[in-house]
Amino acid sequence: MLCPICMQIIRDAFLTACGHSFCYICIVTHLNNKSDCPCCSHFLTSNHIFPNFLLDKLLKKNSARQKAKSASPFEHLRQGLQQGCKVSIKELDGLLSLLAEKKRKMEQEEAETNMQILLDFLHSLRKQKLEELNEIQADLQFIKEDVNAVERFRTELYRAKERFSVKLWMLNQETITERPRGLFTEKQGSGSNCSAHSLQGQMGSQDKIADAKVQLSSQSIQRKDVYSGLDLQSVSPSAPAVARKRRVHLQFNELEECYLQKRRIWNRQSDKQEEMDPNTLSREGYNPSLDDFQSVLSTFTRYSRLRVIAELRHGDLFHAANIVSSIEFDRDDELFATAGVSRRIKVFEFSSVVNEPADVHCPIVEMPTRSKLSCLSWNKYTKNHIASSDYDGIVTVWDVSTRQSVMEYEEHEKRAWSVDFSRTDPSMLVSGSDDCKVKIWCTQQEASVLNIDTKANICSVKYNPGSSIYVAVGSADHHIHYYDLRNISQPLHVFSGHKKAVSYVKFLSSNELASASTDSTLRVWDVQENLPPRTYRGHMNEKNFVGLTVNSEFIACGSETNDVFVYHKAISKPMAWHRFGSSEIDDDDDIGSYFISAVCWKSDSPTMLTANSQGTIKVLVLAE
């Protein structure tokens, strides 16, 4: 039976003068506020309520009955014993025996279960460790093979050096012996046969000496080989070599991962090739993966810092806003263009900036625009053509020689963040905008030739350098969408992994795509094999566009700490960095408010252009 006030089973039932029953606490609380019955509104006070003993008894019996139904057999037994149920000693003995057997059986089952869980764990652990052991043994075999190959190659180099040294010694000896022979001939003349025979005997003995030198040298080389090349290591390393070894130790774990990854991939490929062609013979010596890793090791340890070779200011007296949003080299790396919030495209001659020291470098071309600029892209075939995208959504193709626009495209409805010319078809370009659209343009047509609708803002677009039908799109939805323009109904691939918006996409090659995100990471993707990416960390980027540039070996980006970072594409940690120092920042400015805003490599050279949000542009070069 439920209380009409709390709608719960009545506890401490009280009956009113009008015949309704309530919980004591419920009715007393109600009468403190009102003087009527909650059911019939009859006048009621605390003097008109009485304990309902009969209902309380019925409710307690009902509760006990419900508990008995839901009680376990053990509860029934316990209740029976507590209530004085008569049980003989024999019955209790039988019951105790039954309980003891039940307990023993349960303990055995629990022990078996625990043993099974432990056994499963140990089997899994053993399997895991065996896999690790097999992997380590395979790695050790790789290392052993490569050590032997490197030692053989090193010995060959040493022998070639010794042979060259012996030949050089013999040439010097011939030069020394020819001088006295000429003097002797002049003094004695040609008539003395005895002298001639004597001279021939002397020359013969000198030739024998040279042969003996060669034999002794070869014997010494053999002895050096027998003693495990001790002499090869006796030469004290130079200071640059010591510095490069130090860099290896500092990044040893990263280099180890790189080496093993390349070696394992090559081994899998060779195994597949042997399965396809059992007659394939394995050749000793440098395998491609070792050669590839040696190239990585060489380029990675060659450089350790970025050196400034030139500097200029992008700002002017009439424009206080100096952020450089984009900086790009032209087709021949002779000119570079800058653009940003100052609403101007400035073109500089690179050789003049580097070779002519000056406080202020004037651009050779300056083109005003109607809006702030977000991106530039030089045409790789028509040297004088450059494309721009701006905050009004306008994509413009400019002729630098005439300082005039060639084409203007105004189809984007919001800010256009990115534009890129195709390398294989110079008449085609692609743009992306905050209106969630990617548009393909042709310089020979006034309207877009293709339109891709997406679900998120577009931050970056890039043509594949090997084909004009593939486009990579960096999006605010944290993904990179890779499209085949022959079928735009859905992306060819969607690369996932970034945790925030993808601000830049750049191709290292036709297969490798680099991306930057405001999650403070860079990633490299394989657009053909769709392999797991390599992730690069070290810079800070949480809200701004800090630039991204790549070449065949290196990746560079900016940071919100006002630093430029350079990564080798095979190593996940930075190999060099440079901070835009406080010397170019005014005392009243806050150094923490500035960030790197644009970067660009000079093709495959170690030289790069960098710019920050204050408008400072530096030419940096990788150095030891």
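The values are calculated or read from the model by the stated rules, or taken from the named source; none is laboratory data. What you see is a predicted model, and the numbers here were worked out from it, not measured in a lab. Because the Cβ atoms are built from the backbone with ideal geometry, glycine has one as well, and the counts that use them run over all protein chains shown. Areas reflect the complete protein model, heavy atoms only, side chains present, ligands, DNA and RNA absent. Shrake-Rupley method; radii C 1.70, N 1.55, O 1.52, S 1.80 Å.
Brief remarks follow.
- Criterion violated by H498 - all others in (1) open to solvent by 20 Å² or more (accessible area, probe 1.4 Å); (2) assigned to a loop (DSSP other than H, G, I, E, B); (3) over 21 Å from Y409 (Cα atoms); (4) not hydroxyl-bearing (S, T, Y) satisfied: (1)
- Among the conditions (1) without any contact (Cβ under 8 Å) to a residue 60 or more places away in the chain; (2) β-branched (V, I, T); (3) touching a strand residue (DSSP E or B) at 6+ places or on another chain (Cβ under 7 Å), T561 misses just one, which is (3).
- The strands (runs of 3 or more DSSP E) falling completely within segment 363-419 that include 2 or more residues that are small (G, A, S) and open to solvent by less than 40 Å² (accessible area, probe 1.4 Å) map to 373-378, 385-390.
- Some residue of segment 480-493 being assigned to a loop (DSSP other than H, G, I, E, B), among the polar types (S, T, N, Q), open to solvent by 10 Å² or more (accessible area, probe 1.4 Å) and out of contact with any Lys or Arg (no Cβ under 8 Å at 6 or more places or on another chain): yes
- Of the set (1) in a helix (DSSP H, G or I); (2) farther than 30 Å from V461 by Cα; (3) at pLDDT 70 or above; (4) not aromatic (F, W, Y), all apply to E274 but (3).
- Scoring Y303 on the criteria (1) within 30 Å of E145 (Cβ to Cβ); (2) open to solvent by 20 Å² or more (accessible area, probe 1.4 Å); (3) at pLDDT below 85 leaves a single failure, condition (3).
- The test for being in contact with a Ser or Thr (Cβ under 6 Å, 6 or more places away or on another chain), more than 21 Å from A598 (Cα to Cα) and of a type in the set (K, R) does not hold for K455.
- Residue satisfying condition, being open to solvent by 40 Å² or more (accessible area, probe 1.4 Å), modelled with pLDDT of 80 or more and of a type in the set (D, E, K, R), within set R244, R263: R244
- When the strands (runs of 3 or more DSSP E) confined to segment 502-615 are screened for residues that are of a type in the set (A, V, I, L, M), those reaching at least 1 such residues are found at 502-507, 512-517, 522-526, 548-550, 554-558, 563-568, 576-579, 596-601, 607-612.
- For P426: the one exception among (1) in contact with a Phe, Trp or Tyr (Cβ under 8 Å, 6 or more places away or on another chain); (2) farther than 26 Å from V341 by Cβ; (3) open to solvent by 10 Å² or more (accessible area, probe 1.4 Å); (4) not in a loop (DSSP other than H, G, I, E, B): (4)
- Matching residues, segment 436-471, being touching a residue at least 24 places away in the same chain (Cβ under 8 Å), more than 24 Å from D526 (Cβ to Cβ) and open to solvent by less than 20 Å² (accessible area, probe 1.4 Å): K439, I440, W441
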